[in-house]
Amino acid sequence: MSNIPSDLRYTDSHEWIRDNGDGTVTIGITDHAQEQLGDLVFVETPEIGNTVESGDACAVVESVKAASDIYAPVSGEIIETNAELTDSPELVNSDAFGEGWIFQIRMEDEDNLTQLLDAEAYEAVVAEE
Amino acid sequence: MSQRTALHEQHLQAGAKMVDFAGWDMPIHYGSQIEEHHQVRQDAGMFDVSHMVILDLQGPQTRDFLRKLLANDVARLKESGKALYSCMLNHQGGIIDDLIVYYLNDTHYRIVVNAGTRDKDIAWMQEQIKGFDTELNERTDLSMIAVQGPKAREKMAGLLSDSEASEALELGVFFGKQIGTLFIARTGYTGEDGFEIMVSNEEAPGLWQKLIDAGVAPTGLGARDTLRLEAGMNLYGSDMDETISPLEAGLNWTIAWEPEDRDFIGRNALDVQRGRDDLRRFVGLVLEGRGVLRGHQKVILPDGSEGEITSGSFSPTLNQAIAMARVPASIGDRVEVEIRGKHLPARRVKMPFVRNGKSLIDK
């Protein structure tokens, strides 16, 4: 069973969201997602400064096997991306919830967060697959 | 439910992630596809390829039948055990399947075809075999393990008696031989040296375990695909199919045009195609920057004409994306590949990309 930290929020498309408490969130893909994808070889991060709507495909992770879209879990502005992933996409495999983070968004409306899944609800999503 | 090979239990024990492949429940990897890839390039790995289809053809007219059935010519096989790679074509010159045929003796040949094409292959052969005194038998009693890598032969030979080991190590490239209870062939689909071993279903799990004990790592179909791509070897269903002739799949070398009076199926169609100057070229591509090439991505030539990637992936050995593509004959050294709406520069290279552990591509 993969690891699902209780202090994060989730989407049913397997992104995790950390509330940084200052109106920004950090986003990555879950341990379950990286496990399904296998060895990652390329991460295309969004452009800093872009505005995204919740549900927009805004990044791509590619494993040897396949490419997979990452969706913006909340609306807002992209303020940071993980530059380490350019040379070391495998960080997503080795530390999905930590060093493998992908980008940060400054939220347009913090209420967005309440619509995301909590750990328990996400665990149910994974269990159904 | 998916079919299972005789090694199914061994895969689960080794922690395999199983997927459906051509109706078979097969290991895609046992943890890390990239590590398994490197293991084969640097040491030795093994694949369960028991889903592939082994067919024995026996009878006085077997050779005549195969000389009609296949685009390559089995009459080239003079020494017992020698193998040949060939396409089996339809009347339009399209590829029904690619296969390996072993010449065992004048009345006995053995063929290995792809799992995904089993039903249509056998149906086609049964149709064409009419009138020839030869009989086709599927060897479902046999499993097949491919042991590949620079240390593969040595590690496999270590499991055999001294006399069997020397027989196995003396096998020339593309030769196979019944050695004790095993049919051992010096063939493969990775660009490395090694053996493909046919073994009874009963003996297969024991042999697999002995190979693990000898330090041969179980390797999944995921790594098999990146290894064969680096080695410049075509994959049926991706790089060619029934609408593609060998002339547009980089397989001209597998067509035996001589002798001219050998009337193999598809010959007339190929003869016509051969004279055309608009045949598409089958080429290797390397992506210059970051990203991953994938099948069906569009290839754009400087003159605006377009081709398509037939198979592509990330090459663990080269640490960059590589692909095979079918493109217009006007191709030069540089192209662009469309990836998610962006046009990224790629370079045309000669295949194979990698052979015997070494990159053949200029950086």
(request) Excluding A:GLU128 itself, calculate the net charge of residues whose Cβ lies under 15 Å from the Cβ of A:GLU128, where each Lys or Arg counts +1 and each Asp or Glu counts -1. (result) -4
(request) Please state the charge dipole magnitude for the protein assembly as shown, taken about the Cα centre, from unit charges on C-beta atoms (+1 on K and R, -1 on D and E), reported in debye and rounded to the nearest 20. (result) 2620 debye
(request) For chain B, build the charge dipole from Cβ charges (+1 Lys, Arg; -1 Asp, Glu) around the Cα centre, then report which of B:LEU136, B:TYR109, B:TYR189 sits farthest towards its positive end. (result) B:TYR189
(message) What FRET efficiency comes out for B:ALA115 versus B:SER305 if R0 is 30 angstrom and r is the Cβ-Cβ distance? Round to the nearest 0.05.
(response) 0.25
(request) Classify the protein assembly as shown as rounded, prolate or oblate from the Cα gyration tensor: take a ≥ b ≥ c as the square roots of its eigenvalues, call it rounded if a/c is under 1.5, otherwise prolate when a/b beats b/c and oblate if not. (result) prolate
(message) Run the simple label-point estimate for B:PHE21 and B:ALA123 please: 7 Å along Cα→C-beta, distance reported in nm.
(response) 2.4 nm
(request) With an 8 Å cut-off on Cα pairs and a minimum separation of 6 or more residues, tell me the relative contact order of chain B in percent. (result) 18 percent
(request) Mind giving me the FRET efficiency for B:ASN90 and B:TRP253? R0 is 22 Å, r the Cβ-Cβ distance, nearest 0.05 is fine. (result) 0.65
(message) Can you give the local net charge around A:GLY21? Use residues other than it whose beta-carbon is closer than 12 angstrom to its beta-carbon, Lys and Arg +1, Asp and Glu -1.
(response) -3
(request) Compute the Cα gyration tensor for chain A, then decide on rounded, prolate or oblate, letting a ≥ b ≥ c be the square roots of its eigenvalues: rounded whenever a/c is under 1.5, prolate when a/b is larger than b/c in the other cases, and oblate in all that remain. (result) oblate
(request) Kindly tabulate the residues in the range B:315-351 with an accessible-area decrease of at least 40 Å² between the chain alone and the assembly of all protein chains, using a probe of 1.4 Å. (result) B:ARG340
(request) Round to a whole angstrom and tell me the spacing of the C-alpha centers of the range B:309-326 and the range B:175-207. (result) 29 Å
(request) Mind putting a number on the dipole of the range A:9-121 about its Cα centre? Charges go on the C-beta only, +1 for Lys and Arg and -1 for Asp and Glu, and I need it in Debye to the nearest 20. (result) 140 debye
(request) May I ask you to give the solvent-accessible area per residue for chain A, in square angstrom, as obtained with a 1.4 angstrom probe? (result) 47 Å²
(message) Between the range A:12-60 and the range B:135-153, how far is it from one alpha carbon centroid to the other, in angstrom?
(response) 44 Å
(message) At 222 nm, what value in deg cm²/dmol follows for chain B if DSSP H runs of at least 4 each add -39500 (n - 2.57) and the sum is divided by all its residues, to the nearest 500?
(response) -6000 deg cm²/dmol
(message) Can you give me the % of accessible surface on the range B:1-57 that is carbon or sulfur? Probe 1.4 Å, all protein chains present, nothing else counted.
(response) 47 percent
(message) Suppose each label sits 7 Å from its Cα in the direction of the beta carbon; what would the A:SER6-B:ASN356 distance come out to in nanometres?
(response) 6.0 nm
(request) Please say if the range B:1-135 is rounded, prolate or oblate, where rounded means a/c under 1.5 for a ≥ b ≥ c the square roots of the C-alpha gyration tensor eigenvalues, and otherwise the choice is prolate for a/b larger than b/c and oblate otherwise? (result) prolate
(request) Indicate the residues belonging to the range A:35-49 that lose 50 Å² or more of solvent-accessible heavy-atom surface (probe 1.4 Å) upon moving from the chain alone to the assembly of all protein chains, ignoring ligands and nucleic acids. (result) A:ASP39, A:VAL41, A:PHE42
(message) Could you work out what % of the accessible surface of the range B:133-260 is carbon and sulfur, using a 1.4 angstrom probe and leaving DNA, RNA and ligands out of the count?
(response) 49 percent
(message) Restricting to Cα atoms and excluding each atom paired with itself, what does the Kirkwood estimate give for chain B in Å?
(response) 21.3 Å
(message) Just want to confirm a number: the relative contact order over chain A, from Cα pairs under 8 angstrom separated by 6+ residues, in percent.
(response) 30 percent
(message) If you take every residue apart from B:ASP73 with its C-beta less than 14 Å away from the C-beta of B:ASP73, what net charge results, scoring Lys and Arg +1 and Asp and Glu -1?
(response) +3
(request) Kindly report the accessible area of the range B:280-363 per residue (heavy atoms of protein chains, probe 1.4 Å, no ligands, DNA or RNA), in Å². (result) 46 Å²
(message) Let's test the formula: R0 of 22 Å, r as the Cβ-Cβ distance of B:LYS298 and B:ASP333. What FRET efficiency results, to the nearest 0.05?
(response) 0.75
(request) For B:TYR85, B:TYR102, write out the residues from largest to smallest accessible area, computed with a 1.4 angstrom probe and no ligands counted. (result) B:TYR85, B:TYR102
(request) Would you work out which of B:SER359, B:MET324, B:VAL335 lies farthest towards the positive end of the dipole of the range B:280-363? Charges go on Cβ: Lys and Arg +1, Asp and Glu -1. (result) B:SER359
(request) On the protein heavy atoms, probe 1.4 angstrom, tell me the percent of accessible surface of the range A:9-121 carried by carbon and sulfur. (result) 38 percent
(request) Mind scanning B:LYS82/B:LYS130; B:LYS78/B:LYS130; B:LYS68/B:LYS120; A:LYS65/B:LYS68; B:LYS82/B:LYS298 and naming the pairs with a C-alpha gap bigger than 28 Å? (result) A:LYS65/B:LYS68; B:LYS82/B:LYS298
(request) Just the number, please: buried accessible area between B and A, total of both chains, 1.4 angstrom probe, nearest 100 square angstrom. (result) 1300 Å²
(message) Under a Cβ-only charge scheme (Lys and Arg +1, Asp and Glu -1), can you give me the dipole magnitude of the range B:272-341 about the Cα centre, in debye to the nearest 20?
(response) 240 debye
(request) Hey, can you find the accessible area per residue of the range B:155-265 for me, probe 1.4 Å, expressed in square angstrom? (result) 38 Å²
(message) Heavy atoms of the protein only, probe of 1.4 Å, neighbouring chains included. What is the accessible area of A:SER6 in Å², nearest 10?
(response) 100 Å²
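The values are calculated or read from the model by the stated rules, or taken from the named source; none is laboratory data. Small disclaimer: the values here were computed from a predicted structure and weren't measured. Heads up, the Cβs are rebuilt from the backbone with ideal geometry, glycines too, and the neighbour counts pull from every protein chain shown. Areas reflect the complete protein model, heavy atoms only, side chains present, ligands, DNA and RNA absent. Shrake-Rupley method; radii C 1.70, N 1.55, O 1.52, S 1.80 Å.
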